[in-house]
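Okay, so here's the structure we're looking at.
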Amino acid sequence: MKIKLTIFLFLLSLGACTQDDNKTMDNNKPLITDSNKEKITAQNYLEEQVKYIKPSSNEPLYYIYVNHEQCFFEILVNDVPRFQYFEEGSIMTPINLNNYINRSGKQTITYRLYPQTTKGLNHLTEYTSIKIELYERNNADTVNGFEHQKLLLTHRSATKTDGKTFIGDGKDYYEFSFDFDAKVLYQLEGWENSKNLSKMDQKELLSKTEEAYRYYWNLIKDKRMDDYFRLRFRGYISEAISTYMSKEMIIQSAPEDKFIFSEPTFRLEPLNNYKMHLYGNGKIVCLEQTSEDLRLKNKTPIWGKYKTSEGETRVRFNKLYLHIPKGKDTFEIL
């Protein structure tokens, strides 16, 4: 098995493929590669990740609190989906924004509002509203960080001239964006200099994206952990740096990282019923489910089910955002 895999990867690096492999790809379709300087495996990815951590006494962390009425919502940071809420009730926990902040400067928050269909609403109503409070705190201050948090701005959704009626009353979708300035300690390449995928032939892009997703789906199905962690490594580093993860936090993340491989009852669902979306101002591509089931709406089509110790069935989603870095011709995982 190891010999066959080695041959496959060697041929892939030459842009060639065997007759059997032609069933799922051809010479012109890039899959997912990596630009790691290190040889990453499932055994060493944690210790290699720790090498990028540089603790500081001041770690600016940006996050928002959301209060909404008669709507579901999604939050995007710099045109990348960060959070979605298609449930009843309010959300009390903060939503961290640093994950998609690559460097200091202007950042953009976008919210998308949808009708609260669970209450029989097919359109946004005159009473629909959203309030977003943006805060900053020092993540390194684990004792008094929240006590010393700073409220940077408060945004409220617009109303009509009467000052009461939601401006999107009667619509089935509403979107708005606003900016703020961030000062962070790091500078990440992210996707900003990546290829503008919106300028590609979209049918070709869809075909290449589907092929990359199938390749990734099979990595999980076949439990090819070394390839999986090698391809995801740059994304792990970006998250660790942008959210100021400590060595202890990185090490503690291992069970979560390996859950889809270590949980014996986990089974992938078929890769189907999806559509392609572009994010990051056209530089990030992904597939999202087309299901109107609120538990699956806009979720990644790479997902599976497992059983808890109590016999309850639960699901696990595996998000996959792809981009083509400058000077490359193959996808990498964001």
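None of the figures in this text is laboratory data; all of them are computed from the coordinates on show. A quick note: this is a predicted structure, and the numbers were derived from the prediction, not measured. Note: ideal-geometry Cβ built from the backbone for every residue, glycine included; neighbour counts use all protein chains shown.
Okay, here's what the table says:
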item	result
Descending semi-axes in Å of the range 89-177, equivalent ellipsoid built from Cα gyration tensor	31, 15, 13
Ascending count of other beta-carbon atoms within 10 Å, so fewest first, for THR300, THR128, THR117	THR117, THR300, THR128
24 Å Cα-Cα reach of LYS131 towards lysines, excluding residues that sit fewer than 8 places from it in its own chain	LYS106, LYS119, LYS150, LYS160, LYS164, LYS171, LYS183, LYS297
Contact order relative to length of the chain, as percent, for alpha carbon pairs under 8 angstrom and 6 or more apart	20
Amide H contacts under 5 Å for ASP141, placed H, 5+ residues apart	GLU59
Added length on full extension, which subtracts the Cα-Cα distance from 0.36 nm per residue, LYS203 to ASN218	3.1 nm
For the range 145-186, Kirkwood radius (reciprocal of mean inverse C-alpha pair distance, Å)	13.8
At R0 = 51 Å, FRET efficiency that the Cβ-Cβ distance of PHE180 and GLN252 yields, to 0.05	0.95
Listed residues ARG314, ARG214, ARG82, most fluctuating in the chain (Gaussian network, C-alpha, under 10 Å)	ARG314
Tensor-based shape of the range 182-334 (alpha-carbon gyration tensor, a/c under 1.5 rounded, otherwise prolate or oblate)	oblate
Given charges at beta-carbon only (K, R positive; D, E negative), |dipole| of the chain in Debye	600
Where GluC sites (Glu not before Pro) fall in DSSP loop in the range 186-277, at most 15 other Cβ within 10 Å	GLU189, GLU192
Residues with amide H under 5 Å from that of SER129, placed H, sequence gap 5 or more	GLU69
Taking only Cα atoms of the chain, radius of gyration then Dmax in Å	21.4, 72
Whichever aspartates and glutamates have a C-alpha closer than 18 Å to that of LYS54, once near sequence neighbours (fewer than 8 apart) are set aside	ASP141, GLU189, GLU239, GLU248
